[in-house]
1. I need the Kirkwood Rh of region 163-236: take the reciprocal of the average 1/r across all distinct C-alpha pairs and report it in angstrom.
2. Rg (Å, one decimal) plus Dmax (Å, integer) for the alpha carbons of region 3-63?
3. Using the structure shown, list the pairs from LYS173/LYS221; LYS110/LYS173; LYS110/LYS221; LYS23/LYS253 with a Cα-Cα distance above 20 Å, or answer none.
4. Of all beta bridges DSSP finds with both residues in the chain, what is the antiparallel percent, to the nearest 5?
5. Computed from the mean reciprocal separation of all distinct C-alpha pairs, what Kirkwood hydrodynamic radius does the chain have, in Å?
6. Could you grab the relative contact order for the chain? Cα pairs under 8 Å, six or more apart, rounded to a whole percent.
7. So for region 30-70, what percent of the C-alpha to C-alpha distances run longer than 14 Å?
8. Starting from the Cα-Cα distance between ASP200 and ALA218, subtract it from 0.36 nm times their residue separation and give me the gain in nm to one decimal.
Amino acid sequence: MLLNDWVTNASNRLTAVRVASPKLEAQVLAAHSMLVDRTWVLTHPEHVVNDLALEGLLQRRESGEPLAYILGYREFFSRRFRVDSNVLIPRQETEVLVETALELPVDRLKALDIGTGSGCIAITLKLERPNWEVWATDISSSALQVARENAETLGADITFRHSNLLEQLAGEKFDLIVSNPPYIGRNEIIPREVREFEPDSALFADDNGLAIYRQLAATIKDHLTPGGRVILEIGQEQGLAVSALYPGSEIIKDLSGNDRVVMWRFADDP
Ligand SMILES: C[S@@+](CC[C@H](N)C(=O)[O-])C[C@H]1O[C@@H](n2cnc3c(N)ncnc32)[C@H](O)[C@@H]1O
């Protein structure tokens, strides 16, 4: 089969299962299978393809498996992070949290990322601010394994700890604590592609998605230096509820104008 015909046929099949950018994804799948880039696919429509090899990838995508898991990576802050089904696929909204942290006018600080997943937040902070000392935790040891691999591939020196929130960090204090915790309520309706393929422990939290913000609010002061900051990603409907847990905090919006981040300062200056 000619490459152009395969892309047209695959694009039609992906349209039928409501993939948002079917032609683009068909081209990306073809490129991935042939170990070329998408430009090569666009410029070689007459190339004869092994459509049996491509069929397996196409069926995985038709079944709803996210493209990032099929490819094995997702770009975040212009870097490629390896992902598999043990970690949340990094989202563009999370770049708001990272940008907020990078705006802090501090050359040296000790930062912690709670629930690091693929490591996308912690690794980006370390690579963008090499003078910062960055720690990262996760309750999932398989996620930590992926984060460690990404840190090594991307050359980021991070201290990783397997921990339920702050439990394994007794005695450690930080100038900055960031987190994109699970924040979807257990009864919320979310796309099937997310619910069926991404890890439950990365998505859902009790108490309408607020449980982890609440648990952190109870203990986080013990782990902050005076004047230390907390930057949390939130669901777009959670701004008021989360900011109420961190009195005096500020809500920051994403590019779509939705509440996306809560920033709080521990005002216990000596
Ligand atoms: C929404 S994902 C965020 C992953 C990554 N930081 C990102 O932004 O793409 C939440 C992460 O928190 C971890 N997690 C869930 N509950 C946790 C807990 N009690 N303590 C530590 N990590 C937890 C999950 O395993 C998951 O990796």
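Nothing in this text is a laboratory measurement; each read-out follows from the coordinates by a stated rule. Small disclaimer: the values here were computed from a predicted structure and weren't measured. Glycine gets a Cβ as well: all are built from the backbone with ideal geometry, and neighbour counts include every protein chain shown.
1. Details: mean 1/r = 0.0739 Å⁻¹.
One decimal place: 13.5 Å for the Kirkwood radius.
2. Every Cα atom of region 3-63 included, Rg and Dmax give 10.4, 29 Å.
3. Values: LYS173/LYS221 9 Å; LYS110/LYS173 8 Å; LYS110/LYS221 15 Å; LYS23/LYS253 31 Å.
Flagged as over cut-off: LYS23/LYS253.
4. Among the beta bridges of the chain, antiparallel pairing accounts for roughly 40 percent.
5. Values: mean 1/r = 0.0501 Å⁻¹.
Value: 20.0 Å, from the Cα pair sum.
6. Details: 484 pairs, mean separation 37.0, N = 270.
Computed over the chain, the figure is 14 percent.
7. On the way: 409 of 820 pairs.
Taking all Cα-Cα pairs of region 30-70, the fraction more than 14 Å apart is 50 percent.
8. Details: separation 18, 0.36 × 18 = 6.48 nm, distance 2.37 nm.
Roughly 4.1 nm would be gained on extension.
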